[in-house]
Amino acid sequence: MTPDELTRLRPQLVEFTEQMLQGAVRRSDQRTKGQLYVRGLLTDGARKSMQPMAARLGVDHQGLQQFISSSTWDYEAVRRNVARWAVDVVDPAAYVVDDTGFPKDGVASPCVARQYSGTLGKTGNCQIGVSVQMVTDTASLAANWRLFCPASWDDTTVTDAAKAAAVRVRRADAGIPEQVRHREKWRLALDAIDQMISDWGLPELPVVADSGYGDCTAFRLELAERGLSYIVEVEGTASAHPHDATPRLPAGGRGRAAYPDKPTNLRALAIAAGQQALRTITWRTGTKPTASNPSAAMRSRFLALRVRPANRDIPRTVAGTLPEQWLIVEWPAGANEPTKYWLSNMDTRTPLKTLVRLAKIRWRVEHDYRELKTGLGIDHFEGRSYTGWHRHVTLAVLAQAFCTLLRLDPKAAAPA
């Protein structure tokens, strides 16, 4: 936003940040610094690290640095406040799990390592943040975050004593808490969801994810164990039986029941169903009308089948039966075969249009990441502390929430 826009919106911004920081940042002077930091993130500028922000705000950067690095306040309580606000204002339809890279030049930033990043499209020196977004088709918020700790930052995974000691020094320098250890990204996503529902009192909503998470059987099983619905993208090569496959006892009636035929895969099941099973579904209205599509309708061809995913990690009943799920398939006109596949444990009565709308709703993640990085500088933090990273990310989310508030207010001239 321009300085003039922020001057006009300042009373609204002060009121909103005060509400979001209440109870988490106890001292009023610290809440003033928090409001100043958020204003810095919102102000137009190429870099949103502390010194450039302070220069644009006309303040000493040391005050901002002290607020982020060494003052006492609870960033998780701020996230809780913002997430509870989003329940009422955004009215989310789902939680979307994803992760994004924070490219870095040096080796001192907490949890930085050479690792694959979808943001970079390759292996590079970066941090990885795992996020849980609260989304609808019209609004969203990157509500909760975890910083992925690579094995190279966890001394308990290092067998060489000298190298383990060096890792402990790095952890101490970055202020990484003892309980923060190397955990798979899907486990971090579950931790964040558990916190949102169990600790913050947020509603249980369907969980949506791409194949980076959906292909992990353990992730799907853990969601189901929690009683959560999900719709996750998977590869078409995943093994499955058709829904009407039935286990049989071995000859003689002794032993464990098993399916008589080997499982096929999701691609084969979809192709066997044939294009006659496809339905054209419009799941939302886009933003780029054309002469052939003046309403900018987002539509494609889909089918939904009941299938039984099959691998050694999926528990079977006493009778040897594998659980039944939805397979949702996108097969665009003109394509020789399906292009995308999703699995879902949602109710058998769920309409295809609902399944498609939720499967496609993760487009909001790209919107959020673009706004947070391009507009709000979530990946511009140059500090070297674990707590500082989380505080900067949290205040960037608060800034995003303020932008969302303006967009949902028909009287406001909101940012794009």
Open item on the list: Name the single residue that is modelled with the highest pLDDT among those in segment 13-26 being open to solvent by 90 Å² or more (accessible area, probe 1.4 Å) and more than 13 Å from VAL82 (Cα to Cα).
Closed with: GLU15
TODO: Name, by its number, the condition in (1) outside any loop (DSSP other than H, G, I, E, B); (2) within 25 Å of ILE361 (Cα to Cα); (3) open to solvent by 80 Å² or more (accessible area, probe 1.4 Å) that does not hold for THR287.
DONE: (1)
- [ ] Working only within segment 224-253, note down all residues that are open to solvent by less than 60 Å² (accessible area, probe 1.4 Å), of a type outside the set (Gly, Ala, Ser) and in a loop (DSSP other than H, G, I, E, B).
- [x] LEU228, PRO247, PRO250
Task: Lone qualifier among LEU343, LEU358 - being in a helix (DSSP H, G or I) and either under 23 Å from the mean Cα position of the chain (by Cα) or at positive phi (or both) - done: LEU358
Task: Those residues of segment 144-175 which are within 30 Å of ALA401 (Cα to Cα), open to solvent by 20 Å² or more (accessible area, probe 1.4 Å) and more than 17 Å from the chain's Cα centre (by Cα), in sequence order - done: GLY175
Task: Residue within segment 147-169 that is out of contact with any Lys or Arg (no Cβ under 6 Å at 6 or more places or on another chain), farther than 18 Å from GLN115 by Cα and in contact (Cβ under 8 Å) with a residue 60 or more places away in the chain present - done: no
TODO: Those residues that are out of contact with any helix residue (DSSP H, G or I) (no Cβ under 8 Å at 6 or more places or on another chain), farther than 15 Å from ARG47 by Cα and open to solvent by 10 Å² or more (accessible area, probe 1.4 Å), I need them from segment 371-410; list them, please.
DONE: ARG407, ASP409, PRO410
Open item on the list: Just the residues that are part of a loop (DSSP other than H, G, I, E, B) and either surrounded by 18 or more Cβ atoms within 10 Å (Cβ to Cβ) or basic (Lys, Arg) (or both), please, taken from segment 63-90.
Closed with: TRP73, VAL90
TODO: Determine the pairs where a residue that is closer than 19 Å to GLU15 by Cβ and in contact (Cβ under 8 Å) with a residue 24 or more places away in the chain, located within segment 82-98, has a partner that is among the β-branched types (Val, Ile, Thr) and surrounded by fewer than 24 Cβ atoms within 10 Å (Cβ to Cβ) with Cβ atoms under 7 Å apart, the partner being 6 or more residues away or on another chain.
DONE: VAL90/THR136; VAL90/THR404
Open item on the list: Just to be sure I understand the filter: pairs with C-beta atoms under 7 Å, separated by 6 or more residues or on different chains, first member in segment 205-227 and among the hydroxyl-bearing types (Ser, Thr, Tyr), second member open to solvent by less than 20 Å² (accessible area, probe 1.4 Å). Which pairs pass?
Closed with: SER211/VAL234; TYR213/VAL97; TYR213/ALA189; TYR213/PHE219; TYR213/VAL232; THR217/ILE314
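Please verify whether LEU141 is surrounded by fewer than 18 Cβ atoms within 10 Å (Cβ to Cβ), under 28 Å from ALA359 (Cβ atoms) and aliphatic (A, V, I, L, M), treating the condition exactly as stated. Even if it seems obvious, please write down each step before you answer.
Working: surrounded by fewer than 18 Cβ atoms within 10 Å (Cβ to Cβ): no; under 28 Å from ALA359 (Cβ atoms): yes; aliphatic (A, V, I, L, M): yes.
Criteria not met by LEU141.
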Task: Residue count for segment 354-391, restricted to those that are of a type in the set (Phe, Trp, Tyr) and more than 30 Å from TYR341 (Cβ to Cβ) - done: 3
Open item on the list: Suppose the filter is surrounded by 17 or more Cβ atoms within 10 Å (Cβ to Cβ) and either part of a helix (DSSP H, G or I) or not hydrophobic (A, V, I, L, M, F, W, C) (or both); does ARG10 pass it?
Closed with: no
TODO: Mind telling me which of the residues THR348, THR321, THR354 ends up being free of Cβ contacts under 8 Å to residues at least 40 places away in the same chain and open to solvent by 20 Å² or more (accessible area, probe 1.4 Å)?
DONE: THR354
Open item on the list: Between LEU352, LEU395, LEU405, which is hydrophobic (A, V, I, L, M, F, W, C), modelled with pLDDT of 95 or more, farther than 23 Å from THR285 by Cα and in contact with a Phe, Trp or Tyr (Cβ under 7 Å, 6 or more places away or on another chain)?
Closed with: LEU395
TODO: Would you mind finding the one in ARG312, ARG299, ARG308, ARG256 that is part of a strand (DSSP E or B) and open to solvent by 40 Å² or more (accessible area, probe 1.4 Å)?
DONE: ARG299
- [ ] From GLY23, GLY45, GLY34, grab the single residue that is of a type in the set (Gly, Ala, Ser) and under 13 Å from PHE402 (Cβ atoms).
- [x] GLY34
- [ ] Of the conditions (1) touching a Phe, Trp or Tyr at 6+ places or on another chain (Cβ under 8 Å); (2) of a type in the set (A, V, I, L, M, F, W, C); (3) assigned to a helix (DSSP H, G or I), ILE176 clears all except one; give me its number.
- [x] (3)
Task: Residues within segment 83-99 that are in contact with a helix residue (DSSP H, G or I) (Cβ under 8 Å, 6 or more places away or on another chain) and farther than 14 Å from ALA192 by Cβ, tallied - done: 7
- [ ] Output yes when any residue across segment 294-308 is within 32 Å of the chain's Cα centre (by Cα), more than 30 Å from THR136 (Cβ to Cβ) and either among the charged types (D, E, K, R) or modelled with pLDDT of 95 or more (or both), and no when none is.
- [x] yes
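The values are calculated or read from the model by the stated rules, or taken from the named source; none is laboratory data. Quick caveat, the model's predicted, so the values are computed rather than measured. Using ideal geometry, Cβ is built from the backbone for each residue, glycine included, and neighbour counts are taken over all protein chains shown. Remember, those area values only see protein heavy atoms, side chains included, never the ligands or the DNA or RNA. Shrake-Rupley method; radii C 1.70, N 1.55, O 1.52, S 1.80 Å.
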